[in-house]
Amino acid sequence: MAEAVIIADSGPLIALAGIGQLDLLSQLSSKVIIPTEVWNEVTIRGSALPGAREVRSMSWIETRTPNPLLVNPLTILVDLGEAEAIALGQEIPDCILLLDDSQARKVAKRLNLRMVGTIGLLLRAKRMGLIGEIRPCIERLQRSGIYIRQELINAVLIEAGE
């Protein structure tokens, strides 16, 4: 994953910023791109929320506007930020979408796009030695109000050797 472009949706950006792990993105990828709408969701409409200041200050995050012809049909199925992320995923070869929303993940899967969620990203970071343990990150995510299925937590902790 270290060389693949990551295209991030707002949920994972906010989650990673909320636990102080947003920098993992720049360590796991040569390029991190967010759609214009995701930038707006996180830094403008969410300016008082966790992640806004962090995302705004990261010079390594590139903002890009996708082709509206790809975006428009997707907005029937997912919100605009997710639609733009999926559209960029269709435009940029060999990228990985960073998505947590289950409906957005279903749409991306139907389009044969590679994706990872926040928890999967943390698992990759542990495998690469960028974080020592996943459990504290998961606990901080849960304390910040992010719901994570217990089955997923159990599977990831086993996979991580925790």
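Read-outs: derived from the displayed coordinates by stated rules, not from any lab. Values in this document were obtained by computation on a predicted structure and should not be read as measured data. Cβ: placed from backbone, ideal geometry, glycine included. Neighbour counts: every protein chain shown.
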**Extreme residue, positive dipole direction of the chain, given options ALA85, LEU22, ILE131 (C-beta unit charges)** = ILE131
**Asked** Using the count of nearby Cβ atoms within 10 Å as a rough guide to exposure, how do TRP39, TRP60 rank from fewest to most?
**Response** TRP60, TRP39
**Message:** As a footprinting exposure proxy, order ASP101, ASP23 by other Cβ within 10 Å, with the fewest listed first.
**Reply:** ASP23, ASP101
**Prompt:** How would you rank THR75, THR118, going from fewest to most other Cβ atoms within 10 Å of each one's own Cβ?
**Reply:** THR75, THR118
**Prompt:** What does the highest-first list of 40-48, 79-87, 63-71 look like by mean Cβ count within 10 Å?
**Reply:** 79-87, 40-48, 63-71
**Prompt:** If Lys and Arg each add +1 and Asp and Glu each add -1, what is the summed charge of the other residues whose beta carbon sits under 13 Å from the beta carbon of LEU97?
**Reply:** -2
**Request:** Would you kindly work out the equivalent ellipsoid of segment 5-131 from its C-alpha gyration tensor and give its semi-axes, the square roots of five times the eigenvalues, largest first in whole Å?
**Result:** 21, 17, 13
**Message:** Please give the charge dipole size of the chain, origin at the Cα centre, charges +1 on K and R Cβ atoms and -1 on D and E Cβ atoms. Round to the nearest 20 debye.
**Reply:** 160
**Asked** Each residue of segment 19-24 in turn: what ³J(HN,Hα) in whole Hz from Karplus with 6.51, -1.76, 1.60 and θ = phi - 60°, glycine and Pro shown as x?
**Response** 10, x, 10, 4, 4, 4
**Fill in**
Under a Gaussian network model of the chain whose springs join Cα atoms within less than 10 Å, the largest fluctuation of SER144, SER30, SER59 belongs to SER59
